[in-house]
Amino acid sequence: MRTSQMLIPTLREVPADAEIESHKLLLRAGMITKLVSGIYSFLPLGYRILMKIEQIIREEMARSEAQELVMSALRPAEGYQSSGRWDVFGPEMFKLKDRHGRDFCLGPTHEEIFAEVAKSTIKSYKSLPMILYQIQTKYRDERRPRFGLMRSREFVMKDAYSFGKDANDLDISYKSMYDAYCRIFDRQGLDYMVVDADTGAMGGSGSQEFMVKSYAGEDVIAYCEKCGYAANSEKAECLLDNEDDIISSESLYKPMEKISTPGMKTVEEATQFLNCDAKDLVKTLLYKADDKIVAALVRGDRELNETKLRNYLGCTELQMADAETVSEITGADVGFAGPVGLDIDLILDLEVAHMKNFVVGANETGYHLINVNINRDFKASAIRDIRTIAEGDICPQCRGSIKVDRGIEVGHIFKLGTKYSEAAGCAYIDENGKEQYMVMGSYGIGVTRLVAAIVEQNNDENGIVWPLSVAPYHVAVVPINTAEGPQMDTAQRIYNELLDAGVEAILDDRKERPGVRFKDLDLIGIPIRITVGRKVSDDIVEYKCRKTGKVVELSSTQAIEKVKKQIL
RNA sequence: CGGGAUGUAGCGCAGCUUGGUAGCGCACUUGCUUCGGGAGCAAGGGGUCGCAGGUUCAAAUCCUGUCAUCCCGACCA
């Protein structure tokens with residue numbers, strides 16, 4: 001294609017509402033445009049990238065014997081109602097009614113729908129295990145869409161579902177998808193990590209996430225370089241620092257005292273005032289779990305892990321109690337809550353359970369208690385690991401040192417079990433003629449998010465640097481002076497020969513100064529540029545690599561050969 | 001959903017304090033000169049100043065409401 005005829009609306013200035021690099025660059029390079037918050041259109045160049053990514057996914061899914069199909073994004077409510085997720089998703093789901101008042105939604109994910117299809121089409125154990133997938137647009141009314149394609153309300157997802165006879169079948173499918181995902185992300189040139197993850201609202205027995213390492217990522221991953229352990233920080237288990245030290249000896253208990261701490265609401269203020277360390281204080285956090293109020297206690301310098309707390313409580317909704325509730329329960333302003341004399345469930349972090357003579361709020365505005373001790377001064381309802389792992393913590397696998405980084409979740413695989421097949425009545429007939437529920441797995445890839453993730457990892461000060469495998473075009477042929485016959489003729493000939501050889505080439509014939517065209521081609525990230533300039537009279541052209549910036553002078557034939565070698 | 005910020009031409013912004021009927025840069029159109037890393041000169045086109053009320057002789061500017069967008073948090077496969 002000739003660029004003079006192409007829609008490449010590049011922007012010199014960065015749109016004001018873009019924050020992260022991928023969002024800025026995709027907008028500037030004319031790959032996407034925003035319709036409303038969280039909904040984007042893909043312009044021709046951006047769409048080519050999306051299709052390249054999809055194609056890689058299709059090839060690797062096929063290699064793992066997964067079969068593609070496609071369903072409507074518009075779904076009747078029933079499927080989601082029988083699994084309970086109509087309510088679990090709640091306002092996250094785009095819901096609508098047809099003219100008869102019947103409930104519909106735009107599908108946020110399709111576990112129950114695939115279970116229904118499997119129920120009606122797969123009858124015998126002889127067909128199992130089987131993997132079905134689709135690449136389809138999904139809708140989630142995110143509370144806060146952000147970062148362009150990173151968290152949008154409409155996005156393309158590859159969602160695959162495996163159906164098996166038993167846990168063994170599930171393991172086989174799971175492994176097969178795991179391997180396919182590695183091949184897919186490898187081919188897309190990504191630096192990624194596979195981490196253990198929480199199953200969240202999906203349910204099931206286990207799951208792993210494929211995380212692309214990036215400071216722009218929304219997830220925090222904890223990993224150990226020594227043994228290779230890696231987990232989402234929501235999931236990463238926290239061990240006690242020193243197991244020997246935890247034998248508590250009551251003889252060391254000091255008498256509890258109430259101290260006046262006027263206005264010292266935060267951990268920082270209180271510890272400074274009392275001249276102690278955050279490690280000597282215990283935070284008492286009040287949470288509303290469905291309709292019950294509970295208190296979660298963690299050390300002053302730690303973060304509570306809400307996922308862990310939620311999993312322990314088994315509740316659907318979990319949020320911090322508002323100031324009004326806090327004062328009602330504790331009888332004090334926010335900042336002075338403590339476990340002593342508090343008549344609600346107290347869930348203690350493991351670490352807290354082994355502390356001695358610590359500081360807590362006194363449940364009285366302006367007062368803290370010091371030298372507080374468990375059992376003597378209050379009783380725990382439960383002792384659990386409920387804090388978030390931090391850099392330098394102990395690796396739960398090898399007791400090495402944990403590192404913490406940010407990542408973009410591009411893939412997530414789940415061992416679901418029979419949750420959805422039971423809800424849908426999805427059963428098969430086994431060897432003995434008996435009905436059994438199918439054992440399911442679900443495997444997602446955020447296709448549009450991948451576009452952003454690839455840009456996050458592949459850009460420089462001049463723009464995007466697409467890996468060859470997903471670049472919208474492989475080569476741009478640029479005649480410096482489009483008005484000069486010999487330059488144009490040679491450029492045209494090279495372009496034609498590349499096309500004939502099956503190379504995806506564009507001819508930059510725009511009536512712009514060379515600098516403008518160079519800047520644009522760098523911005524949109526075409527991997528190879530062949531420049532036809534003055535030396536055309538000696539049949540010399542330039543071959544430039546976008547990634548390295550290296551330029552070599554070659555004859556036109558050599559340049560064509562070099563391209564073919566790179567690409568085909 | 002809580003906190004903060006911003007809405008003026010396709011993009012980036014000024015003007016608003018102190019009301020007087022809209023401006024700059026980029027982009028776009030035309031012409032000339034240029035032509036190897038976002039050219040110069042000249043002449044043009046494009047805006048109900050987010051929307052709705054109100055105050056006023058007069059509102060981009062002041063007041064009220066509303067909507068949208070972004071950021072932080074909460075939340076989330």
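The values are calculated or read from the model by the stated rules, or taken from the named source; none is laboratory data. Everything quoted here is computed from the prediction, not taken from an experiment. As a convention, Cβ positions derive from the backbone with ideal geometry for all residues, glycine included, and neighbour counts pool all protein chains shown. Ligands, DNA and RNA are excluded from the accessible area calculation, which covers all protein heavy atoms including side chains. Shrake-Rupley method; radii C 1.70, N 1.55, O 1.52, S 1.80 Å.
The table that follows gives values for the structure above.
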| item | result |
| --- | --- |
| Failed item in (1) more than 24 Å from A:GLU237 (Cα to Cα); (2) within 16 Å of RNA strand B (Cβ to nearest atom); (3) open to solvent by 40 Å² or more (accessible area, probe 1.4 Å), with A:GLU317 passing the rest | (1) |
| From the options A:GLY441, A:GLY433, residue that is touching a Lys or Arg at 6+ places or on another chain (Cβ under 6 Å), in the same structural domain as A:PHE42 (by TED's automatic domain parsing) and either modelled with pLDDT of 95 or more or not in a helix (DSSP H, G or I) (or both) | A:GLY441 |
| A:GLY189 within 24 Å of A:ALA452 (Cβ to Cβ), in a loop (DSSP other than H, G, I, E, B) and open to solvent by 20 Å² or more (accessible area, probe 1.4 Å) | yes |
| When residues of the stretch A:326-348 are limited to those that are within 35 Å of the chain's Cα centre (by Cα) and open to solvent by 30 Å² or more (accessible area, probe 1.4 Å), the one nearest to A:GLY366 (Cα to Cα) | A:VAL334 |
| Subset of the stretch A:384-418 that is basic (Lys, Arg) and surrounded by fewer than 20 Cβ atoms within 10 Å (Cβ to Cβ) - its residue that is nearest to A:VAL352 (Cα to Cα) | A:ARG384 |
| Answer from A:GLY90, A:GLY101 - the residue that is under 29 Å from A:LYS34 (Cα atoms) and out of contact with any helix residue (DSSP H, G or I) (no Cβ under 7 Å at 6 or more places or on another chain) | A:GLY90 |
| Filter pass, A:ALA115 being in the same structural domain as A:TYR40 (by TED's automatic domain parsing), touching a residue at least 24 places away in the same chain (Cβ under 8 Å) and in contact with a Cys (Cβ under 8 Å, 6 or more places away or on another chain) | yes |
| All positions within the stretch A:368-383 that are open to solvent by less than 40 Å² (accessible area, probe 1.4 Å) and part of a strand (DSSP E or B) | A:HIS368, A:LEU369, A:ILE370, A:ASN371, A:VAL372, A:ILE374, A:PHE378, A:ALA382 |
| Any helices (runs of 4 or more DSSP H) falling wholly within the stretch A:453-568 and containing at least 2 residues that are open to solvent by 20 Å² or more (accessible area, probe 1.4 Å), without any contact (Cβ under 8 Å) to a residue 24 or more places away in the chain and within 30 Å of A:GLY148 (Cα to Cα) | A:514-524 |
| One residue from A:LEU309, A:LEU281, A:LEU297, A:LEU274 being within 31 Å of the chain's Cα centre (by Cα), under 24 Å from A:GLU364 (Cα atoms), modelled with pLDDT of 90 or more and not β-branched (Val, Ile, Thr) | A:LEU297 |
| Criterion (in contact (Cβ under 8 Å) with a residue 40 or more places away in the chain, within 16 Å of RNA strand B (Cβ to nearest atom) and of a type in the set (Phe, Trp, Tyr)) met by exactly one of A:PHE414, A:PHE336, A:PHE358 | A:PHE414 |
| Single residue of A:LEU286, A:LEU297 found to be outside the structural domain of A:ASP198 (by TED's automatic domain parsing), out of contact with any Gly (no Cβ under 8 Å at 6 or more places or on another chain), part of a strand (DSSP E or B) and within 14 Å of RNA strand B (Cβ to nearest atom) | A:LEU286 |
| Considering residues of the stretch A:194-218 that are open to solvent by 30 Å² or more (accessible area, probe 1.4 Å) and either within 11 Å of the chain's Cα centre (by Cα) or farther than 24 Å from A:GLY84 by Cβ (or both) only, the residue nearest to RNA strand B (Cβ to nearest atom) | A:GLU218 |
| Filter pass, A:TYR174 being out of contact with any Asp or Glu (no Cβ under 9 Å at 6 or more places or on another chain) and at pLDDT 95 or above | yes |
| Pick from the stretch A:1-23, criterion more than 28 Å from the chain's Cα centre (by Cα) and part of a helix (DSSP H, G or I), ranking: nearest to A:ILE464 (Cα to Cα) | A:THR3 |
